[in-house]
1. Output the number of residues of region 1-28 satisfying the condition of being closer than 23 Å to GLU73 by Cα and either assigned to a helix (DSSP H, G or I) or not charged (D, E, K, R) (or both).
2. It is to be established whether one or more residues within region 49-58 are aromatic (Phe, Trp, Tyr) and surrounded by 15 or more Cβ atoms within 10 Å (Cβ to Cβ).
3. Counting only residues that are among the acidic types (Asp, Glu) and surrounded by 14 or more Cβ atoms within 10 Å (Cβ to Cβ), which one in region 64-111 is farthest from GLN19 (Cα to Cα)?
4. Give just the number: which of (1) in contact (Cβ under 8 Å) with a residue 12 or more places away in the chain; (2) among the hydroxyl-bearing types (Ser, Thr, Tyr); (3) more than 26 Å from GLN125 (Cα to Cα) does SER40 not satisfy?
5. Among the residues of region 108-132, write down those that are of a type in the set (A, V, I, L, M), closer than 23 Å to LEU77 by Cβ and modelled with pLDDT under 95.
6. Output yes when any residue across region 29-40 is surrounded by fewer than 20 Cβ atoms within 10 Å (Cβ to Cβ), β-branched (Val, Ile, Thr) and assigned to a helix (DSSP H, G or I), and no when none is.
7. Need pairs with beta-carbon distance below 6 Å; first residue within 18 Å of LYS4 (Cβ to Cβ) and free of Cβ contacts under 8 Å to residues at least 40 places away in the same chain and within region 57-85, second β-branched (Val, Ile, Thr) and in a helix (DSSP H, G or I); sequence gap 6+ or separate chains.
Amino acid sequence: MARKIIIVDDDRETREMLQVLLELEGFEVKLAANGLRLISTLHVDKPDAILLDVMMSWIDGFELCQAIKKNPEFQTLPVIFISGRVSQSDRKRGLEVGAADYFTKPLDTHRLVARLRQVTGLPAQGPGAEAKSPS
């Protein structure tokens, strides 16, 4: 069964690029343009993970992640930040509010997909993913 990911980013091109990438990797993808849309679909879509932009209108990603993690139903739901904000303090804040990881744009898509597989319990795929035998 495909793992469901919700992508929350106010940039349509980023959402669509990530949607294509993740669908090609076998994920089921839902899109939300902002935090309000995420909140309204969270109970319905029941995702396995959330990709969340930091800089959005209405509520920033840090506040939204914190709100999600306060809800007992979603406390263990993995949230991965995707952001243009590259400072160590932003990364640290993201992890402090409960994110499983923090990726900066431009995204390393191979690493992002591998991390999504890991947090959703899917086996790794692709070159270098197989177990290496000791020599």
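The values are calculated or read from the model by the stated rules, or taken from the named source; none is laboratory data. Since we're looking at a predicted model, the values are computed, not measured. Methodologically, a virtual Cβ is constructed for each residue, glycine included, from the backbone with ideal geometry; neighbour enumeration extends over all protein chains shown.
1. Total satisfying the criteria: 7.
2. Looking through region 49-58, none of the residues is aromatic (Phe, Trp, Tyr) and surrounded by 15 or more Cβ atoms within 10 Å (Cβ to Cβ).
3. We begin by selecting, within region 64-111, every residue among the acidic types (Asp, Glu); these are 73, 90, 96, 101, 108.
Among the residues that remain, those that are also surrounded by 14 or more Cβ atoms within 10 Å (Cβ to Cβ) are: 90, 101.
Details: ASP90: 25, ASP101: 19 Å.
By that ranking, first place goes to ASP90.
4. Status for SER40: all satisfied but (1).
5. Residues of region 108-132 that are of a type in the set (A, V, I, L, M), as a first pass: 112-114, 116, 119, 122, 124, 129, 131.
Restricting the remaining residues to those that are closer than 23 Å to LEU77 by Cβ gives 112-114, 116, 119, 122, 124.
Those that are of a type in the set (A, V, I, L, M), closer than 23 Å to LEU77 by Cβ and modelled with pLDDT under 95: LEU122, ALA124.
6. Yes, region 29-40 contains at least one residue that is surrounded by fewer than 20 Cβ atoms within 10 Å (Cβ to Cβ), β-branched (Val, Ile, Thr) and assigned to a helix (DSSP H, G or I).
7. Cβ pairs passing all conditions: PHE74/ILE68.
Results for (1) under 14 Å from ASP11 (Cβ atoms); (2) modelled with pLDDT under 95, shown as yes or no for each residue.
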| position | (1), (2) |
| --- | --- |
| LEU52 | yes, no |
| MET56 | yes, yes |
| CYS65 | no, no |
| ASN71 | no, yes |
| ILE80 | no, no |
| ARG91 | no, no |
